[in-house]
Each structure stands twice: as C-alpha cells, then as structure tokens.
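The values are calculated or read from the model by the stated rules, or taken from the named source; none is laboratory data. Because the structure is a prediction, the values reported are computed rather than measured. Cβ: placed from backbone, ideal geometry, glycine included. Neighbour counts: every protein chain shown. Note: areas computed on protein heavy atoms with side chains; ligands, DNA, RNA excluded. Shrake-Rupley method; radii C 1.70, N 1.55, O 1.52, S 1.80 Å.
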Amino acid sequence: MTYELHYWPGIQGRGEFVRLALEEAGAAYIDVARMGGIDAMQEALTDERTPHPAFAPPFLKHGRLIIGQTAAILLYLGPLHDLAPEDVEGRIWTHQIQLTIADLVGEAHDTHHPVSLDDYYEDQKEEALRRAQSFRDDRIPKYFRWFETILARNPDGPDHLVGKDLTYADLSLFQVVEGLCYAFPNAMARTLSGTPHITALRRAVRRRPRIDAYITSSRRIPFDRSDVFRHYPELDDPT
Ligand SMILES: N[C@@H](CCC(=O)N[C@@H](CS)C(=O)NCC(=O)O)C(=O)O
C-alpha cells in the first residue's frame, strides 16, 4: 500500500526525517502536498470525522491509519522496513534517540524563533542572538557529546547508533548534522572536530546508494531560510 506523506511543500523541515526513511527503504510513497495536494493536507488536519487527527505536519497516512509526530511515524515505519531492531529493548532505545533528536531540532528552530512562531525573525533578532549563543556554546556540544558517547558505547561497534545495522535513528542523526552544518557552519566545524564517530556515520549514510540517489535528485529540497534549519551568519560563531 502506497504511503501518503503530508508535509509542507518547499521545505525539508521535519518531513525530511520521514522522507529519508522512506527513500532508504525504497518504499512507495506520495509526498502529497508537493504533488499539489496542500488542500488534502489541510483537510486531513481539520476533518471532523478523523478519530486520531494529527496536531501538525508531518503526518503519514497508511490505509486507514493517520500518524502524526515525526518520532511516532518512524516508530511505525522502522519495523516494517528493517530500519529498527527486532527486540523491544532495541526498538525503545532507537525511539528514545529519535525523541532526543526531535528535542534538538526544536531547539535549533528556537534559535531563529525564540519568542513567537508568528513573528518574523527580524522582530525577535535580539532574543535570537542570545538564544543562538547558548545553543552553540552549551546545547550543541551537550547533544553531540551524547551522540558520540552512545556510538562509542554501542556493543556492536560505533558504526551505528543501535545494533549492527542501519536504523532510522542513524538517518535522522545524518539529517540533523546536515541541517546544523548548513545553519551553523562555524560552530559545527568546531563541534565535529571532536566527534569522529558522528563524522564517520554521516559519511557512511551519505554514501548509501538510495540516500545518494535521493540527495542528488530534484526530490531533495535545498536548505533555505524558510526551513527549520536556517543560516543567519550573525547567529553562528564568528569566523
Ligand atoms: N513534534 C512534532 C512537531 C511538528 C511541527 O512543529 N510541525 C511544524 C512544521 S515542521 C508545523 O507545521 N507546526 C504547526 C503548529 O505547530 O501549529 C514533530 O516532531 O513532528
């Protein structure tokens, strides 16, 4: 059954974590809003007959199932496409890592919108400058120390976050590194100089044939300033 991914057209955003999993799986999916179906997305969000409406995009439709929340979508897709371990302990650990990545994505977003989602960046720039400094100096290093540590402590070796095979968490860590390197190139160069396992994982994911085919295709939307990860030079470390 073909998956329907509902997400804002024109940005990678949180939808990209789902796209990467679907692409790596070689799954049949329609990116509904990108195919001109933004009305279908809005309707699904507001349809009064839906017993489990998603709060916000991204959400995935699969048959009669509608699943919102990026981490819940991946929790669902993982076992169906060999992108999660088979045992409960491994699955919940993968989910825990994904939820931590979601926290990091939220904090990255808040660097450019620390006060209100409804206001322009320019109207909250002073707060953004303070928020971004603490994000670069404290939060990025703390998250990346943790990712590096769990890679180093993986009993099956540091090639993957969980077990000996690729999981959706590896794909998501790749995406978050790509996004942060776009948004904060200077701070990330500093951080990644001390995280060899993360750097190796990023390279390995980038080289996977289906990920490479996707990233070099027109399906991969470029990063830009309307996305979750935004590059404003004044929010990055000075060169
Ligand atoms: N925790 C949710 C966050 C979803 C979210 O914030 N979606 C954004 C786009 S990336 C949105 O459209 N939000 C609308 C809103 O919060 O009102 C997830 O990880 O999927």
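Any residue at all in the range 120-130 that is over 17 Å from HIS231 (Cα atoms) and hydrophobic (A, V, I, L, M, F, W, C)? Don't jump to the end; show me each part of the working.
The first filter runs over the range 120-130 and keeps only residues over 17 Å from HIS231 (Cα atoms), leaving none.
So far as the range 120-130 goes, no, none of its residues is over 17 Å from HIS231 (Cα atoms) and hydrophobic (A, V, I, L, M, F, W, C).
Would you check if there is a residue in the range 116-126 being within 13 Å of the ligand (Cβ to nearest atom) and either open to solvent by less than 10 Å² (accessible area, probe 1.4 Å) or charged (D, E, K, R) (or both)? Yes, the range 116-126 contains at least one residue that is within 13 Å of the ligand (Cβ to nearest atom) and either open to solvent by less than 10 Å² (accessible area, probe 1.4 Å) or charged (D, E, K, R) (or both).
Tell me, which helices (runs of 4 or more DSSP H) wholly within the range 60-171 include 3 or more residues that are within 20 Å of the chain's Cα centre (by Cα)? In the range 60-171, the matching helices (runs of 4 or more DSSP H) lie at 70-80, 88-112, 140-153. Out of ARG34, ARG19, one residue alone is of a type in the set (Lys, Arg) and open to solvent by 50 Å² or more (accessible area, probe 1.4 Å). It is ARG34. Just wondering, is there one or more residues in the range 132-140 that are over 26 Å from TYR182 (Cβ atoms) and either without any contact (Cβ under 8 Å) to a residue 60 or more places away in the chain or open to solvent by 30 Å² or more (accessible area, probe 1.4 Å) (or both)? No.
Does ARG91 satisfy being at pLDDT below 95 and more than 27 Å from THR191 (Cα to Cα)? Considered against the rule, which asks whether it is at pLDDT below 95 and more than 27 Å from THR191 (Cα to Cα), ARG91 comes out as no.
Considering only residues that are of a type in the set (D, E, K, R) and assigned to a loop (DSSP other than H, G, I, E, B), which ones fall in the range 36-59? Working first, answer last.
Here is the first cut: in the range 36-59, the ones of a type in the set (D, E, K, R) are 39, 43, 47-49.
Those that are of a type in the set (D, E, K, R) and assigned to a loop (DSSP other than H, G, I, E, B): ASP47, GLU48, ARG49.
Give the range 147-178 a look and list any residue that's open to solvent by 10 Å² or more (accessible area, probe 1.4 Å) and of a type in the set (Gly, Ala, Ser), or say none. Residues satisfying the conditions are ALA152, GLY157, GLY163. Pairs only if they're at least six apart or on different chains, beta carbon under 9 angstrom, first in the range 196-218 and free of Cβ contacts under 8 Å to residues at least 40 places away in the same chain and of a type in the set (A, V, I, L, M, F, W, C), second open to solvent by less than 70 Å² (accessible area, probe 1.4 Å) and in a loop (DSSP other than H, G, I, E, B); list them, first residue then second. Final answer for the pair search is VAL205/LEU166. Which residues, taken from the range 64-115, are within 13 Å of the ligand (Cβ to nearest atom) and at positive phi? Answer for the range 64-115, where residues must be within 13 Å of the ligand (Cβ to nearest atom) and at positive phi: just GLN69.
Contact map, the range 19-37: first residue over 21 Å from VAL176 (Cβ atoms), second residue of a type in the set (S, T, N, Q) and open to solvent by 20 Å² or more (accessible area, probe 1.4 Å), Cβ cut-off under 8 Å, separation 6 or more or different chains; pairs are ALA28/THR2; TYR29/THR2; ILE30/THR2. Scanning the range 1-16 for residues being open to solvent by 20 Å² or more (accessible area, probe 1.4 Å) and within 14 Å of the ligand (Cβ to nearest atom) gives a total of 5.
Quick one: is PHE184 within 16 Å of the ligand (Cβ to nearest atom) and over 14 Å from GLU24 (Cα atoms)? It is false that PHE184 is within 16 Å of the ligand (Cβ to nearest atom) and over 14 Å from GLU24 (Cα atoms).
Restrict the check to the range 47-55 and report whether at least one residue is within 14 Å of the ligand (Cβ to nearest atom), surrounded by 13 or more Cβ atoms within 10 Å (Cβ to Cβ) and aromatic (Phe, Trp, Tyr). Outline the logic, then answer.
Residues of the range 47-55 that are within 14 Å of the ligand (Cβ to nearest atom), as a first pass: 53-55.
After this cut, where a residue has to be surrounded by 13 or more Cβ atoms within 10 Å (Cβ to Cβ) as well, the list is 53-54.
From what's left, aromatic (Phe, Trp, Tyr): none.
No, there is no match, as no residue in the range 47-55 is within 14 Å of the ligand (Cβ to nearest atom), surrounded by 13 or more Cβ atoms within 10 Å (Cβ to Cβ) and aromatic (Phe, Trp, Tyr).
Annotation note: Cβ proximity below 8 Å between a residue of the range 61-72 that is of a type in the set (S, T, N, Q) and at pLDDT 95 or above and a residue that is assigned to a loop (DSSP other than H, G, I, E, B) and surrounded by fewer than 19 Cβ atoms within 10 Å (Cβ to Cβ) (sequence gap 6+ or interchain) occurs for GLN69/PHE55.
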